[in-house]
Amino acid sequence: QNEEKWDFVLVSDIHEMGSEKEIKRKKFLDELSKKGFTIKKIEDTKLFYGVRAPQHIFWKYQCLLMNPDSRQQNSSAHQDVPVTTRIRVVHFILQNTVTSDLEKLHDLMKKKVFEAAFPLHKKEEITEILKKKWARWRVLFKEQPIEEIRCYFGEKVALYFAWLGWYTYLLIFAALAGLATVAAGATVFSSSQVSKEICDANNTIMCPLCDQNCSFWVLSDTCTYAKVTHMIDNEATVVFAMFMAIWATVFLELWKRERATVANSWDVYGWDEEEEELALQLINNSQHEPRLYQHSYFRSTIILILVVLMIMVLIGIAHALVIYRAVAMALFTQSEVSLLSKHADTIAVMTGAVLHYITIVIMTKVNWRVALYLCSLEKPRTFSQRENNFTVKIFIFQFFTNFSSLIYIAFFLGRINGHPGHYVRIAGHWRLEECHPSGCITDLFIQMAVIMLLKQTISNIMEYLIPWISHQLRKKKKPPKKRSVMLGEEEEAEDPCKRQWLKNYELNEVNVFSLFNEYLEIVIQYSFTTIFVAAFPLAPLLALINNVIEIHMDAIKMMRLRRRMVPRKAKDIGIWLQVLEAIGTLAVIGNGLVIAITSDFIPVQVYKYMYSPCTRQNHTGMDCSTGYINNSLSVFRIQDFEPHTKVLPEFNGVQIKECRYRDYRNADDYTYTIQFWHIFAARLAFLILFEHVALCVKLIAAWYIPDVPQKVKNQILTEKYKNLHNELSMTEYCTEV
């Protein structure tokens with residue numbers, strides 16, 4: 001039985017005898033044989049080579065990486081190397097074995113000498129447990145078997161699922177708070193004075209939304225829109241934004257504690273990646289010289305310039321989307337189809353959001369290539385260093401891809417478009433979009449909702465369907481050929497390994513970035529959940545639903561649709577923690593800016609306390625925001641329109657002399673009023689106050705919750721003490737002898 005335990009399987013096409021590929025393959029397998037590897041060959045439609053490493057390799061590994069006192073024990077302690085460690089060591093040796101032509105497995109795979117190399121999913125007790133308790137849809141709301149995941153896929157994958165589970169659990173609180181905010185908006189604030197005034201404004205004539213053949217319109221037409229806006233944009237949102245800033249910090253602090261507990265129980269708390277890498281190099285080749293760290297300021301400067309260029313390209317794409325929306329708005333408004341012309345602004349926003357989603361999909365692939373190229377320029381020393389560099393770059397690129405359009409809508413839309421008679425135009429022709437009279441926050445809400453829903457539905461369906469379909473196709477392709485080969489043979493008993501190897505070969509291949517992709521997807525989602533959450537309080541709820549499905553979808557992919565991942569050791573989630581902390585800080589800034597700039601919260605407050613009827617006389621029973629809408633609209637004289645503007649001066653049979661638009665400008669010379677500057681100052685003051693308070697609360701939360709639980713600290717302390725005590729007694733014993 002023991003004979004049939006194979007660590008890895010190499011797959012190759014059947015090459016002609018004496019061909020270059022066949023010679024290269026033989027050279028590689030001979031190198032493995034020299035190292036004491038046992039190799040078993042099975043021929044089918046492809047050649048399969050089972051590889052088993054000699055036991056002494058693992059003894060060396062244990063001796064090099066054990067703590068000193070366990071080196072004195074007898075060799076019986078060498079027996080049980082965990083399967084995950086076996087696979088990791090064998091994988092390292094396979095990847096670093098050099099043939100006489102100075103080629104490694106990676107080069108041979110590029111030259112199609114070998115097609116695949118993978119460890120096996122075996123029928124064991126642990127695989128059955130994982131399939132039953134984890135990799136199926138029925139156990140959607142059950143706890144994950146993290147310990148079993150670690151024993152099968154290694155610490156790195158187990159930590160990913162532990163982190164994802166923890167994040168999902170804490171999202172419940174954020175989702176409830178988001179729902180409460182929306183519920184408060186729909187009930188308490190639905191009868192707000194501001195939306196009431198918009199709905200009653202039957203006589204407020206607004207300036208046309210486009211230059212050609214657009215008529216004037218009445219403010220009360222936008223009653224529904226105003227109600228929706230006020231459902232998101234109210235006092236509860238400010239509290240919710242504050243709550244989410246604290247939530248992001250508490251989530252990370254509690255995760256650090258959870259990680260410390262888990263790492264300690266797995267005995268990887270003091271594990272050193274560099275030491276492990278050096279030990280594996282020495283086991284593979286005892287003459288190996290370590291590759292030293294290098295740093296070149298010239299190379300770093302080049303990379304920095306290229307990163308900045310890439311970011312400028314991504315911002316340029318966001319500009320293209322802005323131009324699309326301005327042009328689309330103009331074309332839809334003039335359309336013959338009444339549905340298009342009536343809802344031109346909403347349709348422009350919706351199609352803009354869908355286009356944005358398409359650019360995200362395309363640019364993700366481009367960003368990937370660029371980040372990989374930049375990493376190869378850097379020449380990092382180890383794989384983990386390469387992974388860290390890649391993570392930072394791809395995250396920055398993805399952040400700008402996903403968020404540049406949202407940043408424009410949140411902070412620039414409607415603020416840089418000029419005013420009637422003096423509009424800012426693209427190529428001197430198309431007017432930039434304006435904000436809705438009840439605020440810009442609903443545009444941001446629509447954009448976020450469309451992108452999050454599309455991302456989560458389409459991306460998840462594709463993520464599951466593509467591996468499933470390709471697995472089904474691979475399964476269908478193989479068996480007939482296999483049988484025809486077998487019929488040609490004398491009725492030979494089929495090797496039990498053959499079926500198992502074929503079955504594993506039919507699964508989808510795993511690449512180095514399989515786990516990385518999962519992390520990136522969730523971290524971008526975390527950005528959506530925290531950064532602009534003030535404009536879209538339902539984001540945590542969508543994230544929660546997505547994650548519950550995501551956990552089991554990833555599990556099914558890893559257990560049933562993909563070949564087994566090479567287990568990797570880790571003691572934390574690596575550089576992702578710093579990325580999450582950066583997002584936490586951005587979330588404070590982002591939400592502060594949304595409330596100060598995008599939302600109407602500040603103008604309403606300034607009006608209440610400085611310009612409303614309440615300030616002039618004591619009206620106790622009166623709502624202080626009465627008259628806000630009229631106050632926030634400026635007056636424009638029709639005669640001052642630009643010459644090429646074609647406006648029908650009649651509206652409902654009445655000759656119109658002036659119209660209203662959303663801004664704080666004087667009626668005579670269109671300069672900013674003093675109220676505009678009061679609001680500007682208040683926005684700035686609020687922003688500084690909000691960010692400082694939120695950052696202080698974050699710092700206090702970070703200090704209040706220790707990163708490492710007391711229990712873990714004490715366990716480590718006791719362990720150190722025991723080791724030193726043993727050393728001391730050994731030294732005393734030696735000196736007495």
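Observations on the model:
- Taken over the stretch 513-545, the criterion of being among the polar types (S, T, N, Q), touching a residue at least 12 places away in the same chain (Cβ under 8 Å) and under 18 Å from Phe399 (Cα atoms) is satisfied by Gln525, Ser527, Thr529, Thr530.
- Among the residues of the stretch 181-204, some residue qualifies, meaning at least one is surrounded by fewer than 19 Cβ atoms within 10 Å (Cβ to Cβ), without any contact (Cβ under 8 Å) to a residue 12 or more places away in the chain and not hydroxyl-bearing (Ser, Thr, Tyr).
- Pick from the stretch 280-309, criterion in a loop (DSSP other than H, G, I, E, B) and under 34 Å from the mean Cα position of the chain (by Cα), ranking: farthest from Pro54 (Cα to Cα): Ser296
- Restricting Val579, Val533 to residues that are on the phi < 0 side of the Ramachandran plot, in a helix (DSSP H, G or I) and touching a Phe, Trp or Tyr at 6+ places or on another chain (Cβ under 8 Å) narrows the list to Val579.
- Flag if Tyr611 is modelled with pLDDT of 90 or more and not assigned by the TED database to the domain that holds Ile522: no
- Taking the stretch 210-234 as the range and being of a type outside the set (D, E, K, R), more than 30 Å from Gly590 (Cβ to Cβ) and crowded, with 18+ Cβ neighbours inside 10 Å as the test, the residues that pass are Cys210, Cys214, Phe216, Leu219.
- Among the residues of the stretch 367-380, not a single one is more than 19 Å from Glu274 (Cβ to Cβ), of a type in the set (Asp, Glu) and part of a helix (DSSP H, G or I).
- Consider the stretch 626-658 and keep the residues that are free of Cβ contacts under 8 Å to residues at least 40 places away in the same chain and within 22 Å of Gln334 (Cα to Cα). The one that is least open to solvent (accessible area, probe 1.4 Å) is Ile638.
- Checking Val708, Val712 one by one, the residue that is more than 30 Å from Leu586 (Cα to Cα), within 39 Å of the chain's Cα centre (by Cα) and open to solvent by less than 60 Å² (accessible area, probe 1.4 Å) is Val712 and no other.
- Of the numbered criteria (1) more than 24 Å from Ile451 (Cα to Cα); (2) loosely packed, with under 15 Cβ neighbours inside 10 Å, the one Ile323 fails is (1).
- Applying the set (1) touching a Leu at 6+ places or on another chain (Cβ under 8 Å); (2) over 21 Å from Leu515 (Cβ atoms) to Glu378 leaves exactly one unmet item: (1).
- Of the residues Val370, Val354, Val349, Val361, the single one that is modelled with pLDDT under 90, aliphatic (A, V, I, L, M) and surrounded by 18 or more Cβ atoms within 10 Å (Cβ to Cβ) is Val349.
- Residue within the stretch 682-697 that is surrounded by fewer than 14 Cβ atoms within 10 Å (Cβ to Cβ) and more than 34 Å from the chain's Cα centre (by Cα) present: no
- Filter result for Lys342 (at pLDDT below 90, over 30 Å from Gln95 (Cα atoms) and charged (D, E, K, R)): yes
- From the list Thr237, Thr249, the one residue that fits, being assigned to a helix (DSSP H, G or I), β-branched (Val, Ile, Thr), open to solvent by less than 50 Å² (accessible area, probe 1.4 Å) and in contact with a Ser or Thr (Cβ under 8 Å, 6 or more places away or on another chain), is Thr237.
- Looking only at the stretch 503-530, and only at residues there that are over 22 Å from Met448 (Cβ atoms) and among the β-branched types (Val, Ile, Thr), the one that is surrounded by the fewest Cβ atoms within 10 Å (Cβ to Cβ): Val512
- Taking the stretch 413-427 as the range and being in a loop (DSSP other than H, G, I, E, B) and surrounded by 15 or more Cβ atoms within 10 Å (Cβ to Cβ) as the test, the residues that pass are Leu413, Gly414, Asn417, Pro420, Gly421.
- Any hit, the stretch 322-336, residues being assigned by the TED database to the domain that holds Ile458, of a type in the set (S, T, N, Q) and out of contact with any strand residue (DSSP E or B) (no Cβ under 7 Å at 6 or more places or on another chain): yes
- Here Leu309, Leu304, Leu292 are screened, and the one residue that is touching a residue at least 60 places away in the same chain (Cβ under 8 Å) and either outside the structural domain of Trp59 (by the TED database) or open to solvent by 30 Å² or more (accessible area, probe 1.4 Å) (or both) is Leu292.
- Applying the set (1) under 30 Å from Asn202 (Cβ atoms); (2) part of a loop (DSSP other than H, G, I, E, B) to Val604 leaves exactly one unmet item: (2).
The values are calculated or read from the model by the stated rules, or taken from the named source; none is laboratory data. The structure displayed is predicted, hence computed values, not measured ones. Note that each Cβ is placed from the backbone with ideal geometry, even for glycine, and that neighbours are counted across all protein chains shown. These accessible areas exclude ligands, DNA and RNA; they are computed on the full protein's heavy atoms, side chains included. Shrake-Rupley method; radii C 1.70, N 1.55, O 1.52, S 1.80 Å.
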